[in-house]
Each structure stands twice: as structure tokens, then as C-alpha cells.
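Here is the structure we will look at.
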Amino acid sequence: MTTDLKAALRALHIETPSWAYGNSGTRFKVFAQRGVPRDPYEKLADAAQVHAHTGVAPTVALHIPWDKVADYGHLAAHARELGVGIGAINSNVFQDDAYMLGSVTNPDPAVRRKALAHLLECVDIMDATGSATLKLWFSDGTNYPGQDDIRARQDRLAEALSAVYARLGEGQRFLLEYKLFEPAFYTTDVPDWGTAYAHCLRLGPKAQVVVDTGHHAPGVNIEFIVAFLLREGKLGGFDFNSRFYADDDLMVGAADPFQLFRIMYEVVRAGGLAAGVAFMLDQCHNIEPKIPGQIRSVMNVQEATAKALLVDRDALAAAQAGGDVLGANAVLMDAYNTDVRPLLAELRAEAGLAPDPMAAYAKSGYFEKIAAERVGGTQAGWGA
Ligand code: LRH
Ligand code: MN
């Protein structure tokens, strides 16, 4: 069992987000931190540290225009030199004044054309970087009843999505992200998994849904959504983070490690570890050091996955078939209550890595180096 489990854990591939290495915060304050990158090249260097110490974070998601560069092919080559690759390309149609009343759903056709042009430019960037995944999140929505026509906005959204779908090349796909609310506070045009799923189903196999674990109403059973989308072949990936209240974007597994375990169990149960599901982090380290925050997050996903892989599936199936409620629950809890840290430390040692990535990074002197080097220039951030 251990060999398969170790093989599955070695194959686990967690993608870190470029924006997690920049400054971030809330509308109240964005606290600047020493050593923060000033450009996408430095962000990639920091992401490479996370991969160097964990061994399972080989790609970095970019966000456009936050990671805009003159030559995306050159940026991708730089990533390769650092030992990482370019992952999902994230579009951004939520920060331009033109998008106050929406981007692809805006009543004004000129604004819709502007938004679509950006989405198509992101596919060009996929071509230039070798990325196979476009991630689409729309902040589009309304704040007051009557502000706009809910159905007409869905028509506009569908029109834009099919134009992007038609532009996708061989081996490329887009992941549509839903979010209950914020920045819109009455309607959000892609508010839940059902809306995202329906649009993707209508479009075809290159359109899948991304589950951001911070984008649900309190109390929503996210692992049910995961199980359902996997059954439909429509789970394209995760934006992992955790929250106590709303879209807090805290470290995945920090607020609710049991929920992360339940989610990863549904992934394992459905064979989702080897089904092209993207395990991406989408987090903001507002007050904690950013590279260690990413390393800890990657370790949290590894631990939840290892526990999910430890579930005694035969015993569980037998208890479920026999209506043994407590027995079935106990099988899952036994796996969850197993300390998998020694196993993961062993796995790292076998891969020639330090058993404790956090300690190894702290001892590496990398932070001291970047804090000394990265003086002057403008620290990266996304203005929030
Ligand atoms: C929206 C979101 C989306 C990203 C942004 C950084 O809340 O989750 O995935 O574009 O955060
Ligand atoms: Mn997200």
C-alpha cells in the first residue's frame, strides 16, 4: 500500500499563484513586507523556492496584467531555468474603470468588446508560455434590484464564453470560476457551481469548473460539489485557500483541515488525482511571510491528500453497504486522525529533500538574500 500511496503523493502537483508573493491586504490596509518581488521574474524565483523545498509545486499561475511582461516566451524560459513552469493564465476584467457595471455582461457593447479582447489576449499568452489553462473569474454583478436584467446578462456572458471557447487551441481549456458575492452585493453573474456547470456543459469538453474553496455561502458542503463535478467530468481544478467568514483567502487547511481532507477524499475516491484536475492555491499572505506561507500551504494539501489516500476503501464500502453508519464514519476518521507527517518526511528524504521544508527554507538564507537585494523599485501587489 505504501508504495502506491507514495507514488500518488510524488505525483501530486500543486500550483502556486504569482500574486501570493506580492503585497496583499484588505480595503483597510495593504501591509508592505521586506523582500517582496518587484516583477514577475522575481515572483517566479520565489515560487521556485517553494518547489525546491517541497518538490511538489512545479508550476506557477500568472495573472494578467499583474504579470504583464514584454516577452512572455522569455518569461517562460526564465521559469524553466528556475525549475518551474507557467501554469494557468488568469484573466483580469475586474480592475478597469470601464468595468464598473460589468465586463462581458456590461450593457454597453463597447465595454463587452474590450473585455473579450482581454480574454482573447490571455489565450495568446497561453500560446506564448505553453500554458494549457485559462482561468476565468468575473466580478460581474449588480448591487441593487432592477439595476440590470439578470437574464440578459446571462445571454451576454454566454456569448463571450463561446467566443473564448472557439479561440482555444489544441490541448487548451478554460476553467470558469464562480463566487457567491463580492465585489457585487445583489447578484453575481457566476455565483455558484450550478451556473458555472451549466455554461460549461453547453460549451463542451474544453470548458470546466474551478472550485475556489472560499467562494461559497457558509455551511455549503463543498465536497458534495466536488464529487458531483468529478462524476460529470467537469471539475477542472481548485483555487485552494481557507476562510472563517467570507473570501478570506487564508492558507488552505488553516481554518478547516477536516474540510480539506473530506474534499481530497472525494478527489481520491473519483480517481481525480490523475484526471487533469489542477490543484492551484489562491491565497493572500496579508500579515505572514509569503514564501513560508506558500510552503506551509503546500504541506497542508500534501497532508490532507496523504490522509485521504489512507482511507481503507474496502472497509468503508463494506460498512456503507451494511448500513453501518458509525462504522463507516470511523473508517474515515481513522484515516483523518492518522499522523502522516513522518510518512511525508520520509517521502521528502527519499527525494533528496529536507524532511521539514519550513526549517530548510528558514535555514537557507534566501529571505535574508532577497531582503538585502530587493531595495528600491516598486513592490508587486494588486492594489487590494
Ligand atoms: C476572486 C479570485 C480569483 C482571482 C482573484 C485573485 O476572488 O478568487 O480567482 O482572480 O481571486
Ligand atoms: Mn480564486
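Charging the Cβ of each Asp and Glu at -1 and of each Lys and Arg at +1, and nothing else, the dipole of the chain about its Cα centre rounds to 280 debye. Shape class for the chain: oblate, because the ratio a/c of the largest to smallest gyration tensor axis (alpha-carbon atoms, square roots of eigenvalues) is 1.5 or more and b/c is at least a/b.
Note on ALA217/ASP108: beta-carbon distance plugged into 1/(1 + (r/R0)^6) with R0 of 22 Å gives a FRET efficiency of 0.10. Ignoring aspartates and glutamates fewer than eight residues from LYS369 along the same chain, the ones with Cα atoms less than 16 angstrom from its Cα are GLU42, ASP46.
Exposure proxy check: MET126, MET280 ranked by fewest other beta carbons within 10 Å?
Working: MET126 24, MET280 27.
Taking fewest neighbouring Cβ atoms as first place, the list is MET126, MET280.
Paramagnetic label reach from PHE31 (point 7 Å along Cα→Cβ; backbone nitrogen cut-off under 17 Å): within the stretch 238-276, residues 248-251.
Looking at PHE240, ALA274, PHE174, which one has the Cα that reaches farthest to the positive end of the dipole of the stretch 172-304 (charges on Cβ: Lys, Arg +1; Asp, Glu -1)? My answer, from the dipole projection, is ALA274. For ASP71 and VAL375, the difference between the fully extended length at 0.36 nm per residue and the C-alpha to C-alpha distance is 107.0 nm. With 0.36 nm allotted per residue and the present C-alpha distance subtracted, the GLU346-TYR245 stretch has 32.8 nm of extension available.
May I ask you to compute the full-extension gain from TYR144 to ALA275, defined as 0.36 nm times their residue separation minus their alpha-carbon distance, rounded to one decimal in nm?
Numbers: separation 131, 0.36 × 131 = 47.16 nm, distance 4.08 nm.
That works out to 43.1 nm of additional length.
I need the shape label for the stretch 19-95. Rule: rounded when a/c is under 1.5, else prolate if a/b > b/c, else oblate, with a, b, c from the alpha carbon gyration tensor. Cα axes put the stretch 19-95 in the oblate bin. Other residues with beta-carbon under 11 Å from the beta-carbon of ASP339 carry, at +1 per Lys or Arg and -1 per Asp or Glu, a net charge of +1. Within the stretch 48-198, the percentage of alpha carbon pairs spaced more than 20 angstrom apart rounds to 51%.
Take the Cβ-Cβ distance between ALA198 and ARG10 as r, set R0 to 41 Å, and report the resulting FRET efficiency rounded to the nearest 0.05.
Taking R0 as 41 Å, the efficiency between ALA198 and ARG10 is 0.65.
For each of GLU42, GLU346, count neighbouring Cβ atoms within 10 Å of the residue's Cβ, then give the residues from fewest to most.
Ranked by crowding around the Cβ, least crowded first: GLU346, GLU42.
Between THR338 and GLU288, the modelled labels are 2.5 nm apart [label points 7 Å from Cα along Cα→Cβ].
If packing is taken as the average count of other Cβ atoms within 10 Å, what order do 189-200, 365-376 fall into, highest mean first? Can you show the working numbers first?
On the way: 189-200: 20.0, 365-376: 12.3.
Packing proxy ranking, top to bottom: 189-200, 365-376.
Please get the size of the charge dipole for the stretch 118-257, origin at its Cα centre, with Cβ charges of +1 on Lys and Arg and -1 on Asp and Glu, quoted in debye to the nearest 20. Don't jump to the answer; show the numbers that get you there.
On the way: 12 positive and 21 negative charges, 92 e Å.
For the stretch 118-257, the charge dipole is close to 440 debye.
With 28 Å as the limit, write out which pairs from LYS68/LYS290; LYS68/LYS114; LYS206/LYS307 have Cα-Cα distances beyond it, or answer none.
On the way: LYS68/LYS290 21 Å; LYS68/LYS114 17 Å; LYS206/LYS307 31 Å.
Beyond 28 Å between Cα atoms: LYS206/LYS307.
Over the chain, dividing the summed -39,500 (n - 2.57) contributions of all DSSP H runs of at least 4 residues by the number of residues returns a 222 nm mean residue ellipticity of -14500 deg cm²/dmol. Spin-label model, GLU81/TYR41: points 7 Å from Cα along the beta carbon direction are separated by 0.8 nm.
Here, each number is a calculation from the coordinates, and none is a lab measurement. Every value quoted in this text rests on a predicted model; they were computed, and no experiment measured them. Every residue, glycine among them, receives a Cβ derived from its backbone with ideal geometry; neighbour counts consider all protein chains shown.
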